[in-house]
1. Quick one: if the Förster radius is 22 Å, what FRET efficiency do Lys78 and Val30 give, using the C-beta to C-beta distance and rounding to 0.05?
2. Mind giving me the FRET efficiency for Lys21 and Ser57? R0 is 25 Å, r the Cβ-Cβ distance, nearest 0.05 is fine.
3. Taking every pair of alpha-carbon atoms in the chain, what share in percent sits in each 10 Å bin, from 0 to the bin with the longest distance?
4. Quick one: net charge of Val68's neighbours, Cβ under 11 Å, K/R +1, D/E -1?
5. Taking a temperature of 25 °C and a viscosity of 0.890 mPa s, what whole-number D in µm²/s does Stokes-Einstein yield for region 43-83 with Rh from Kirkwood over alpha carbon pairs?
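All of the numbers you see were taken from the coordinates with simple rules; none came from a lab. This structure is a prediction, so every number in the text was calculated from the model and none was measured. Neighbour counts run over all protein chains shown; Cβ positions are idealised from the backbone, glycine included.
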Amino acid sequence: MDYDVITLTQNGSSVTGTCNKNSLVLNATVQAGKLAGTWADVDHDGTTSGFFEFEQSADEKSFTGRWVSTSEGAEALKNTTQFWNGVRV
């Protein structure tokens, strides 16, 4: 099974990141134990984008997350079934 590696860099409450060989770019803010922001993915078909939210586990070794496309709007994060979960390595 293949896994994607997300590389995140934090400067104060701002976080930027990349994934999928830098084609996916994340921009977010740390807020009350959550990382919330936007994502954009550029590939041969163009650019897709949206919103995401990660919540870190109590032991800080994993996160649960959700994502939606821009057309759905950030409010759709509450009810989405699009999950983006991971572990810290």
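1. Working: r = 20 Å, r/R0 = 0.89.
Result of the calculation: an efficiency of 0.65.
2. 0.40
3. Over the chain, the share of Cα pairs per 10 Å bin runs 16, 51, 30, 2 percent.
4. Details: positive: Arg66, Lys78; negative: Glu53, Glu72, Glu75.
Net local charge, Val68 excluded: -1.
5. Numbers: Rh = 11.4 Å.
My calculation gives 215 µm²/s for D.
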